[in-house]
Amino acid sequence: MSSAQERDSWPYAQGFQNCSETCDPVTLKVHGKIPKWLEGVLYRTGPGTYKISSKKNPEIVFSFDHWFDGLGQVHRFEIRNGVVTYRSRNVASSDEKYIEENGRLRLTQITFGQDICENIFQKFFTVFQASISSNNLEDDPNSRNVSVTLTNALPYPEGNSTTLVLGTDANVLKSIDPITLKPIQNFSFKKFHPALSGSMAPAHYQHDAETGEYFSFVSNSGAIPEYNVFSIKTDEETGKPITTILATIPSKLAQCDFAMNGAKILWERNIIRSFVPWDPNQKTHFYVIDRNLKKHVATYTFPTFYCFHTINAYDEGDDIIIDLSQYKDNSVIFQLTVDRLSGSETNADKLPLQFDHGRVHRYKLCNVSKNLDSTDLKYGSDKFPNAELVFATSEDLNVELPVVDFSRYYMKKYRYVYGISHSGSNPHIVFDRLIKIDLHRTENGSFNHKIWQQFGCTPSEPIFVPAPSAVEEDDGVITSVVLDGIKNTSFLLILDAKSFKEIARAEMEHGKVVPYGFHGLWNKS
């Protein structure tokens, strides 16, 4: 198929259409053979609603202009005895009155090509505004748009709980029922500790399965912005969570370097307009916090870059190894608009330029014990030692939404990273394949890798599930929810992680599509 034909048919647009709920489980048609040992539940998060028609005037709609802004939905794929069942539920209110009253969206005619800054990240602003104006989140559990990450590792504020918790890039969390997916409660990290009352927190967390600790931070904007880095674990005797503030680091808000220390978000009512123009002369700071001493002990710097997702990190003697998917700047955020991703402009002369793509970069923080210095944390200081760039993969080995075998190799020396990737066959789509990269370089310094790709298909973040008797690191399977734009449906793909060959897929009915999501969680219980 020629590139012109591919643009005309554009099988990738369906992932940005509204997705109706499937509250009662349905059984999917399985092709191939699912391993007998693969028993559990795969959860997926992401936007499920992009357009909402006004009941007062059907010609007027509420419209989201950016991939990150859609109203949240959670999907559940359960595998038992080779049978796959599916259900989904909206976890953010799409009620017109609610949206109008809470200012989540500007009421607009649907017009493609409008200024993306009018609406972009309105969801983020709304939860940001709510969290700084009030820490009382005991409201309608559907009233916060929280659907980026999902965890079962966070101890519940009131003690042991079997609920799952959704996170977003603000200090707002949402618990949901693991079976029905129905939202239960909104809360913030302030429930765990009064010092964690800041407005912003990362959607991504770190979890040490060996110690049971959940790690994250809450950042405070203002005249003296700072990060409060903390850990939470369950007390074995009481079953209640124990929260420890590990370090308080005075520093700018680093998500994209907000103007006025974050205050401009309130002035502009918009995230994009609040960014300071990208400054290539700024530096990236790596802060080292000692978990035992419970304090910041060292800082390293490197020329500035942008990163959505880290991959893994581990100690190597007196050094620290950090792997991440890196971009040269934050321009990728401006590229992820619904118009562009859905290919609404199908004429070749109107299609935008090629997407930027993240590549694996490995950094080393050398001789940590010889660089201990917690006396000067001034942002932008040149007194700190430089981080060492060990390697970076080539542009054709780009990767995003990267994962490893977190159950066995998280915070340990490892070899394989899996993710979504872009083949380069069509510059106007953001990703079209799954990739497995062997980070043990060959003699000539290159990286062996494996690819899964099928025309018209868009995979989601891969999730690695280890085999029960796994010996080698890649003994297990990869699961990914794939949108088949040619067949107008989605399917759960299961690959052998070692060979990266398909062993099974569970197809949804024709016309049923899981929108492009963000992250997933495998729960073997």
**Report entry** Qualifying residue in the stretch 458-467 (condition: surrounded by 18 or more Cβ atoms within 10 Å (Cβ to Cβ) and more than 22 Å from TYR410 (Cβ to Cβ))
**Finding:** yes
Report summary line: Restricting the stretch 22-66 to residues that are part of a loop (DSSP other than H, G, I, E, B) and under 22 Å from the mean Cα position of the chain (by Cα), the one modelled with the highest pLDDT turns out to be TYR50
Query raised in the report: Applying the selection to the stretch 275-310, what residues are among the hydroxyl-bearing types (Ser, Thr, Tyr) and under 13 Å from ASN371 (Cα atoms)?
Result: TYR287, THR299, TYR300, THR301
**Report entry** Residue satisfying all of: in the stretch 409-441; of a type in the set (D, E, K, R) and in a loop (DSSP other than H, G, I, E, B); nearest to LYS498 (Cα to Cα) among these
**Finding:** ARG415
Requested in this report: From (1) outside any strand (DSSP E or B); (2) of a type outside the set (Asp, Glu); (3) at pLDDT 95 or above, pick out the condition that doesn't hold for ASN444.
Outcome: (3)
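Residue-wise test of (1) aliphatic (A, V, I, L, M); (2) outside any strand (DSSP E or B).
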{"site": "TRP278", "(1), (2)": "no, yes"}
{"site": "ILE289", "(1), (2)": "yes, no"}
{"site": "VAL297", "(1), (2)": "yes, no"}
{"site": "CYS307", "(1), (2)": "no, no"}
Query raised in the report: What number of residues within the stretch 142-155 satisfy the criterion of being part of a loop (DSSP other than H, G, I, E, B) and either aliphatic (A, V, I, L, M) or in contact with a Gly (Cβ under 7 Å, 6 or more places away or on another chain) (or both)?
Result: 6
Query raised in the report: Which of the residues that make up the stretch 156-183 are farther than 21 Å from GLU226 by Cα and not in a loop (DSSP other than H, G, I, E, B)?
Result: LEU164, VAL165, LEU166, LYS174, SER175, ILE176, PRO183
Report task. Scan the stretch 458-465 and give yes if some residue there is of a type outside the set (A, V, I, L, M, F, W, C), touching a residue at least 12 places away in the same chain (Cβ under 8 Å) and over 26 Å from TYR214 (Cα atoms), otherwise no. Result -> yes
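Every residue, every condition in (1) surrounded by fewer than 17 Cβ atoms within 10 Å (Cβ to Cβ); (2) free of Cβ contacts under 8 Å to residues at least 24 places away in the same chain; (3) more than 19 Å from the chain's Cα centre (by Cα); (4) part of a loop (DSSP other than H, G, I, E, B), yes or no:
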site: GLN185; (1), (2), (3), (4): no, no, yes, no
site: ALA203; (1), (2), (3), (4): no, no, no, yes
site: HIS207; (1), (2), (3), (4): no, no, no, no
site: GLU210; (1), (2), (3), (4): yes, yes, yes, yes
site: SER219; (1), (2), (3), (4): no, no, no, no
site: ASN228; (1), (2), (3), (4): no, no, yes, no
site: GLU237; (1), (2), (3), (4): yes, yes, yes, yes
site: ILE245; (1), (2), (3), (4): yes, no, yes, no
Requested in this report: Check ASP396 against each of (1) in a strand (DSSP E or B); (2) under 21 Å from GLN326 (Cβ atoms) and name the one condition it does not meet.
Outcome: (1)
Query raised in the report: Picking from GLY424, GLY517, GLY511, which residue would you name as being surrounded by fewer than 18 Cβ atoms within 10 Å (Cβ to Cβ), closer than 30 Å to ALA313 by Cβ and small (Gly, Ala, Ser)?
Result: GLY424
Query raised in the report: Of all residues in the stretch 455-475, which are closer than 17 Å to VAL399 by Cα and either among the basic types (Lys, Arg) or at pLDDT 95 or above (or both)?
Result: PRO459, SER460, GLU461, PRO462, ILE463, PHE464
Query raised in the report: Could we say that ILE311 is surrounded by 15 or more Cβ atoms within 10 Å (Cβ to Cβ), more than 20 Å from ASP356 (Cα to Cα) and modelled with pLDDT of 95 or more here?
Result: no
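Residue-by-condition table, conditions (1) modelled with pLDDT under 95; (2) under 24 Å from SER407 (Cβ atoms); (3) under 22 Å from the mean Cα position of the chain (by Cα):
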{"site": "THR479", "(1), (2), (3)": "no, yes, yes"}
{"site": "ASN488", "(1), (2), (3)": "yes, no, no"}
{"site": "LYS498", "(1), (2), (3)": "no, yes, no"}
{"site": "ILE503", "(1), (2), (3)": "no, yes, no"}
{"site": "GLU507", "(1), (2), (3)": "no, no, no"}
{"site": "HIS510", "(1), (2), (3)": "yes, no, no"}
{"site": "PRO515", "(1), (2), (3)": "yes, no, yes"}
{"site": "SER525", "(1), (2), (3)": "yes, yes, no"}
Query - Residue selected from the stretch 166-183 under the condition of a type in the set (Val, Ile, Thr) and farther than 20 Å from PRO25 by Cα, by the criterion farthest from the chain's Cα centre (by Cα) - result: VAL172
Query raised in the report: Could you say whether any residue in the stretch 89-110 is on the phi > 0 side of the Ramachandran plot, in a loop (DSSP other than H, G, I, E, B) and either at pLDDT 80 or above or under 21 Å from the mean Cα position of the chain (by Cα) (or both)?
Result: no
Query raised in the report: If only one of LEU365, LEU389 is at pLDDT 95 or above, exposed (fewer than 15 other Cβ atoms within 10 Å of the Cβ) and among the aliphatic types (A, V, I, L, M), which one is it?
Result: LEU389
Query raised in the report: Hey, which of the strands (runs of 3 or more DSSP E) in the stretch 480-525, taking only ones fully inside, have at least 1 residues that are over 16 Å from GLY32 (Cβ atoms)?
Result: 489-496, 520-523
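The values are calculated or read from the model by the stated rules, or taken from the named source; none is laboratory data. This structure is a prediction, so every number in the text was calculated from the model and none was measured. No Cβ is skipped: glycine too gets one built from the backbone with ideal geometry, and neighbour counts run over all protein chains shown.
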